[in-house]
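Enquirer: Sharing a structure, written as structure tokens. Questions coming.
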Amino acid sequence: MSLLKLALLLSSLTLILAANTPTRADYSLTPSITNKAQTLEMIIRKGEIIGARQVERGYFTLGGNQWVFILPEGFRQESSSPGKITLVNQEYDCFLTFGPADPHVDQGGLLSTDDCRRRLLERFSNSVVIHQSSLTVATNSGPAFDLEWIGAGGTSQRMRAGFVSSPSGMLELTMLTTSANFARRECCFNLFTLSFRSNHEAPPQSAAIPDNS
């Protein structure tokens with residue numbers, strides 16, 4: 001399957017969504033930050049046309065560094081929230097977020113897997129960690145965890161949360177969807193995270209999407 005096809009695929013909700021939609025009102029996905037969170041302002045720019053799709057990229061500044069990433073096809077930005085950027089798909093059943101988790105952890109710091117797991121379980125006290133992996137963003141890597149819990153209406157929710165260190169501090173990236181949708185939405189998260197670039201080493205030129213259609 002081509003990357004283009006794979007690309008076809010968190011402020012709290014004020015509406016009660018359908019049974020197969022993540023009930024984000026159950027949990028706050030805003031990373032815990034000791035100092036006052038700054039609002040991340042993103043500019044979306046249209047890029048090259050691949051097949052029938054026009055690629056869109058998000059540009060923003062964090063911690064003095066410029067960042068750019070590719071929006072998975074069908075995703076748009078939700079209303080801005082302090083400390084994070086949130087994207088949602090057309091079906092409104094998958095949410096991608098990015099933001100600082102701790103501004104005091106720089107690129108030279110090694111992230112403690114146990115500390116990152118503890119951070120998550122303190123925020124999502126009714127969840128369980130069902131899988132652990134790693135996440136790479138730009139030139140940085142860190143631990144990632146899949147959490148699962150029963151949301152409102154008895155629907156099983158699943159979230160992947162990953163942490164990486166960078167010159168902008170510790171960053172957190174998440175995907176929230178239902179457990180039933182997780183496998184087919186996972187490629188959206190992969191495109192989202194792997195496309196990140198920052199100018200802390202060179203001008204932030206986002207990864208290109210090859211035309212494999």
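Enquirer: What net charge is computed for the residues neighbouring Leu194, neighbours being all others with C-beta under 14 Å from the C-beta of Leu194, Lys and Arg scored +1, Asp and Glu -1?
Expert: Taking every other residue near Leu194 into account, the sum is +2.
Enquirer: Compute the semi-axes of the equivalent ellipsoid of segment 52-166, taking the square root of 5 times each eigenvalue of the Cα gyration tensor, and list them largest first in whole Å.
Expert: Calculated on Cα positions only, the semi-axes equal 23, 22, 13 Å.
Enquirer: Taking K and R as +1 and D and E as -1, what net charge do the other residues with C-beta under 11 Å from the C-beta of Gly47 add up to?
Expert: Net of charged neighbours comes to +2.
Enquirer: Provide the FRET efficiency to the nearest 0.05 for the Leu121-Ile150 pair, computing r from the beta carbons and using R0 = 25 Å.
Expert: 0.95
Enquirer: Could you order Glu73, Glu41 by accessible surface area, starting with the largest, using a probe radius of 1.4 Å?
Expert: Glu41, Glu73
Enquirer: Moving to a separate point now. Regarding segment 115-207, what is the average projected area of its C-alpha convex hull, in nm²?
Expert: Its Cα hull, projected and averaged over all orientations, spans 6.4 nm².
Enquirer: Pop the C-beta distance of Ala183 and Glu48 into the FRET formula with R0 = 25 Å and round what comes out to the nearest 0.05.
Expert: 0.30
Enquirer: Using R₀ = 35 Å, calculate the FRET efficiency as 1/(1 + (r/R₀)^6) where r is the Cβ-Cβ separation of Thr61 and Asp114; round to 0.05.
Expert: Here the calculated transfer efficiency is 0.65.
Enquirer: Summing +1 for each Lys or Arg and -1 for each Asp or Glu, what net charge is found among the other residues whose Cβ lies under 12 Å from the Cβ of Glu172?
Expert: Within the 12 Å Cβ shell, the charges total +3.
The values are calculated or read from the model by the stated rules, or taken from the named source; none is laboratory data. Note that the structure is predicted; figures quoted are calculated from it, not measured. Cβ coordinates were reconstructed from backbone atoms using ideal geometry, including for glycine residues, and neighbour counts include every protein chain displayed. Accessible surface is based on the protein model in full, side chains and every heavy atom, while ligands, DNA and RNA are left aside. Shrake-Rupley method; radii C 1.70, N 1.55, O 1.52, S 1.80 Å.
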